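Trainee: Got a structure here, written out as structure tokens. Questions coming.
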Amino acid sequence: ELAEINKTTFYAHYDTIYDLVDQLEQEMIETIVERMGAAQELVTDPAAFVHALAENIFTYGEDFEQMFSFAMPQFAGHLKEAILRKVEADGYAPKQYENIGALLIFIVNGLMGLRNASPELAEEQMETIVKFVAGGVRGMR
């Protein structure tokens with residue numbers, strides 16, 4: 001009703017409601033990855049990478065919560081895979097950095113957990129994420 005379309009119109013475009021959610025998720029992930037800048041910052045400047053990714057994730061606010069709260073692990077995994085593809089497209093071989101996937105999961109899940117935190121707590125925890133990631137990147141070199 002809110003979308004002001006009937007079921008026939010909806011199902012002419014999507015087989016299920018999950019198909020719509022999948023499409024929205026994919027579009028959101030593509031936008032986040034496009035806006036995040038150079039993926040190699042994960043290795044060269046982890047703080048800039050984490051802050052840019054956080055800004056892009058937090059941009060979606062309540063829309064994000066409403067669409068993906070039930071499928072957060074799936075969203076986090078898909079975002080990680082998209083970032084890995086970008087890292088590779090930008091000239092870094094993820095296989096060269098054995099634990100880069102684990103770092104990305106940590107970053108994405110950590111940022112997802114900060115979406116509803118107070119600004120003070122979010123900033124404090126963001127710095128903890130940055131320090132951990134910077135230490136992990138140094139350990140991969």
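The values are calculated or read from the model by the stated rules, or taken from the named source; none is laboratory data. Note that the structure is predicted; figures quoted are calculated from it, not measured. Every residue, glycine as well, gets a Cβ built from its backbone with ideal geometry; the counts of neighbours run over all protein chains shown. Heads up: the accessible areas ignore ligands, DNA and RNA and are worked out on the full protein's heavy atoms, side chains in. Shrake-Rupley method; radii C 1.70, N 1.55, O 1.52, S 1.80 Å.
Trainee: List the number of the failed condition for residue 62; all other conditions in (1) more than 15 Å from residue 114 (Cα to Cα); (2) in a helix (DSSP H, G or I); (3) at pLDDT below 75; (4) open to solvent by 40 Å² or more (accessible area, probe 1.4 Å) hold.
Mentor: (1)
Trainee: Could you please tell me which pairs satisfy a Cβ distance under 8 Å, a separation of 6+ or placement on different chains, a first residue in segment 18-33 that is in a helix (DSSP H, G or I), and a second residue that is of a type in the set (Val, Ile, Thr) and surrounded by 15 or more Cβ atoms within 10 Å (Cβ to Cβ)?
Mentor: Note: pairs meeting the criteria are 32/57; 33/83.
Trainee: Open to solvent by less than 80 Å² (accessible area, probe 1.4 Å), modelled with pLDDT of 80 or more and under 26 Å from residue 135 (Cβ atoms) - does that describe any residue in segment 18-39?
Mentor: yes
Trainee: So is residue 88 in a helix (DSSP H, G or I), open to solvent by 50 Å² or more (accessible area, probe 1.4 Å), closer than 29 Å to residue 130 by Cα and modelled with pLDDT of 85 or more or not? Walk me through it before giving the result.
Mentor: Details: in a helix (DSSP H, G or I): yes; open to solvent by 50 Å² or more (accessible area, probe 1.4 Å): yes; closer than 29 Å to residue 130 by Cα: yes; modelled with pLDDT of 85 or more: no.
When the stated conditions are applied, residue 88 does not pass them.
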